[in-house]
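Structure first, commentary second.
Bear in mind these aren't lab numbers, they're just calculated from the coordinates by the rules spelled out. Given the structure is predicted, the values throughout are model-derived calculations rather than measurements. Counting neighbours? That spans all protein chains shown, and the Cβs are built from the backbone with ideal geometry, glycine included.
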Amino acid sequence: MHRRKLLFAVPVLILFLLLLVNWLAMPGPAQPVVINGVAAPPLPPLDPAAAAEGARLYGQYCAVCHGANLEGTPNWKVRLADGSLPPPPQDSSGHTWHHADELLLEIIRDGGDPASGSKMPAFGAQLNDVQIGAILTYFKSRWSREAREFQWWVTATTSE
C-alpha cells in the first residue's frame, strides 16, 4: 500500500518541482532602468527584422570603416597625424552606447562633427530614417545588456 502511494507521489512531486522551476524562470514584468536614482521606462525590445535589415545595411555602408564585426579600427582612441580620430567600434567595446538615439541617428544621417575630429561621412542621401534606425537597432542587438540599458536610460532621460 505504501509503495503504491509512493509510486503516485514521486511523479506528482517531480511535476510540481518542474512547474515551480518553470514559474521561477519566467521573466516578471519589465522593470524600469534606474541609474543614479533616476528611472527610465523599461528597456524596449528590439525588432529582430529591423536588426537583420540593419546588419545588411551595415555590411553595405559601414563595415568598410567600422569593421565587419563592429570592431572599429585598432587604436581608435588615438588621433591620427591630421588630428582626426579613426572609426570607433560600434559594439560594446566602443563609446556609441554612451549617446542617446537622437545623436546617433543624426551622426549617421548628417555625418560626424569635424570640429571634434570626426571624418564620419553623412549617409542621409543614401539611407532613409527607417534604414538608419535599422542600423542603430543592429548596433543595439550586439551590445551587452548593461550597455543597452545605459544607452536606453540616456535616450529616455536626456536630450543631447
Sequence-separation-based contact order of the stretch 31-157, relative, with Cα cut under 8 Å and 6+ spacing, percent: 32 percent
Summed side-chain charge close to VAL33 - residues other than VAL33 whose Cβ falls under 12 Å, Lys, Arg +1, Asp, Glu -1: 0
Where labels lie 7 Å past Cα in the beta-carbon direction, separation of SER141 and ASN128 in nm: 2.0 nm
Within-13-Å neighbourhood charge of PRO88 [Cβ basis; K, R +1; D, E -1]: +1
Size of electric dipole in the stretch 31-157: Cβ of Lys, Arg +1 and of Asp, Glu -1, about Cα centre, debye, nearest 20: 260 debye
ILE35 long-range amide H proximity, modeled H, under 5 Å: ALA40
Cα centroid separation - the stretch 117-160 against the stretch 62-115, whole Å: 11 Å
Shape of the stretch 69-152, Cα gyration tensor, a/c cut at 1.5: oblate
Charge dipole of the stretch 31-157 about the Cα centre (unit charges at C-beta), most positive-ward option of LEU103, THR73, ALA156: THR73
